[in-house]
Amino acid sequence: MPAEAFLHAKAEQVEAALDAYLKSLDGVPPGLEEAMRYSLFAGGKRLRPALCLGAGALVGGDSDVAMSAACALEMIHTYSLVHDDLPAMDDDALRRGKPTSHIKFDEATAILVGDGLQALAFEIIADMGNIDVIREVAQASGASGMVGGQYLDLQSEGKTLALDELQHLHRSKTGALIRASVRVGAMLGDANSKQLESLTSYGEHIGLAFQIIDDILDVTGDEASIGKPVGSDAAHNKSTFPALVGLDEAQRLAREAVDAAVSTLDDFGTEADAFRDLAHYIIERNR
Ligand code: GRG
């Protein structure tokens, strides 16, 4: 199945499950629930859930179990975007083509939306009763993963990073949750150690490719497609792959990462074709 059709199919299932989770909440103030729903349903690609579901299916796991984890990962991703857009961080007014949470509602609400989504995500994962998965998601999203990467990103404004520093920053900020999405799907599906190792490596390579392309789109993309203003990295004086190595070399590095990702799937048969296509889609995407 081509990557866009794969993502679309998974997104529909994930959105139904996210909707059910929000509807099942008890005792959430209606205004806060509305704001959580606004950000969760603002048109994301649902990449992380698709990776979790795809990895689970590849190793023969139960799709309902993977779906719970997929929803939790999307909640963590959404919380990170809501907080990233806050005035204290990237101060963005548009995300996915829509007003960001603090613009649509207010700053305090946006902070609480993020907090609420993160807590709900861990409640869902805790209910699954798999301590390894709880630890995996906590480490990937916490101070040595996404939160740490965000800190490094904010600290690096106005500085020129070395290429390895930039790679470390992105491995933490965006790579860790993408890697964890693949790993959690595989772990819940009882992957053997060789499968887990291959899929972990797949997640690491596509995470890098994803970030390089994100940097490239910030230079070459258009606002209507990517749903946020272009040039925001330059406006924040951020080191990016195109700024450090030039556009052509950045594109070459992204292709190299995609090729490496695809080669990690050699031991899987045609059932891994969706993941092969997804790796290519990551460098062909325009949003
Ligand atoms: C605030 C703790 C905290 C962390 C924020 C991930 C992150 C850390 C910030 C996002 C900044 C950013 C734009 C990074 C580039 C890569 C990225 C994560 C893009 C957004 O992910 P997509 O394209 O988003 O999967 P959609 O909208 O499709 O869900």
query = Among the residues of the range 54-75, is there at least one that is within 14 Å of the ligand (Cβ to nearest atom), modelled with pLDDT under 95 and either within 26 Å of Glu197 (Cβ to Cβ) or buried (at least 19 other Cβ atoms within 10 Å of the Cβ) (or both)?
reply = no
ask   = Hey, which of the helices (runs of 4 or more DSSP H) in the range 41-139, taking only ones fully inside, have at least 1 residues that are without any contact (Cβ under 8 Å) to a residue 24 or more places away in the chain?
value = 63-84, 101-104, 107-127
note = Going through the range 1-28 in order, the residues found to be under 21 Å from the mean Cα position of the chain (by Cα) and not in a helix (DSSP H, G or I) are Pro2
inquiry  = Quick check on my filter: what residues within the range 8-53 are among the hydroxyl-bearing types (Ser, Thr, Tyr) and within 16 Å of the ligand (Cβ to nearest atom)?
reply    = Tyr38, Ser39
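Against the definition (of a type in the set (Gly, Ala, Ser), under 27 Å from Gln251 (Cα atoms), surrounded by 22 or more Cβ atoms within 10 Å (Cβ to Cβ) and in contact with a helix residue (DSSP H, G or I) (Cβ under 8 Å, 6 or more places away or on another chain)), how does Ser156 come out, yes or no?
Here the answer is no, as Ser156 does not meet what is asked.
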ask   = Taking Thr100, is it open to solvent by less than 20 Å² (accessible area, probe 1.4 Å), at pLDDT 95 or above, more than 24 Å from Lys23 (Cβ to Cβ) and among the polar types (S, T, N, Q)?
value = yes
remark   = Those helices (runs of 4 or more DSSP H) completely within the range 191-282 that have 3 or more residues that are open to solvent by less than 20 Å² (accessible area, probe 1.4 Å) and of a type in the set (A, V, I, L, M) are 193-220, 247-263
message = Quick check on this structure: which one of Ala42, Ala110, Ala35, Ala50 is surrounded by 15 or more Cβ atoms within 10 Å (Cβ to Cβ), in contact with a Phe, Trp or Tyr (Cβ under 8 Å, 6 or more places away or on another chain) and more than 29 Å from Glu271 (Cβ to Cβ)?
response = Ala35
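Out of curiosity, is Asp115 charged (D, E, K, R), under 18 Å from the mean Cα position of the chain (by Cα), more than 10 Å from the ligand (Cβ to nearest atom) and open to solvent by 60 Å² or more (accessible area, probe 1.4 Å)?
On the way: charged (D, E, K, R): yes; under 18 Å from the mean Cα position of the chain (by Cα): yes; more than 10 Å from the ligand (Cβ to nearest atom): yes; open to solvent by 60 Å² or more (accessible area, probe 1.4 Å): yes.
It is true that Asp115 is charged (D, E, K, R), under 18 Å from the mean Cα position of the chain (by Cα), more than 10 Å from the ligand (Cβ to nearest atom) and open to solvent by 60 Å² or more (accessible area, probe 1.4 Å).
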request  = May I ask you to verify whether Ala3 is open to solvent by 50 Å² or more (accessible area, probe 1.4 Å), in contact with an Asp or Glu (Cβ under 8 Å, 6 or more places away or on another chain) and closer than 24 Å to Gln195 by Cβ?
outcome  = no
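The values are calculated or read from the model by the stated rules, or taken from the named source; none is laboratory data. Keep in mind it's a predicted model, so treat the numbers as computed, not measured. Positions of Cβ are generated from backbone atoms using ideal geometry, with glycine treated the same way; all protein chains shown enter the neighbour counts. These area figures cover heavy atoms from the full protein model, side chains too; ligands, DNA and RNA do not enter into them. Shrake-Rupley method; radii C 1.70, N 1.55, O 1.52, S 1.80 Å.
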